[in-house]
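This report concerns only the one structure given below.
The values are calculated or read from the model by the stated rules, or taken from the named source; none is laboratory data. No experiment lies behind these values; they were computed from the predicted model shown. For neighbour counting, all protein chains shown are included, and Cβ atoms are generated from backbone atoms with ideal geometry for every residue, glycine included. What goes into the accessible areas is simple: the full protein's heavy atoms, side chains included, and nothing from ligands, DNA or RNA. Shrake-Rupley method; radii C 1.70, N 1.55, O 1.52, S 1.80 Å.
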Amino acid sequence: MPRADLPTVESTLRRPLAKPQEIADYCGVPIGTVYQWSSRGGGPKLIKVGRHLRARWDDIEKWLDSQTIAA
């Protein structure tokens, strides 16, 4: 498919992927915890982009919602 025929995504619909430090800051955990989630499982869905870890903000929010405990 020629590049001109590819569908475009409005830049306003997509947020930049979260970096490990941003994930740690947002969740209030040390950055080492984010890397443990990556290697041991747990935490939000993480994406490998080359050598770099990233996450979609929506996935972070969904994971946080799933961690809510009933009072």
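Yes or no, residue by residue, for (1) in contact with a Phe, Trp or Tyr (Cβ under 9 Å, 6 or more places away or on another chain); (2) in contact (Cβ under 8 Å) with a residue 24 or more places away in the chain:
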| position | (1), (2) |
| --- | --- |
| K19 | no, yes |
| P30 | no, no |
| R40 | no, no |
| G43 | yes, no |
| K48 | no, no |
| H52 | no, yes |
| K62 | no, no |
| T68 | no, no |
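Note on the range 24-71: among residues that are within 20 Å of R14 (Cα to Cα) and among the basic types (K, R), the one that is nearest to the chain's Cα centre (by Cα) is R56.
For the range 12-40, taking the residues that are farther than 19 Å from Q67 by Cα and open to solvent by 100 Å² or more (accessible area, probe 1.4 Å), the one that is modelled with the lowest pLDDT is identified as T12. Scanning the range 53-71 for residues that are surrounded by 10 or more Cβ atoms within 10 Å (Cβ to Cβ) and in a helix (DSSP H, G or I) turns up W57, D58, D59, I60, E61, K62, W63, L64.
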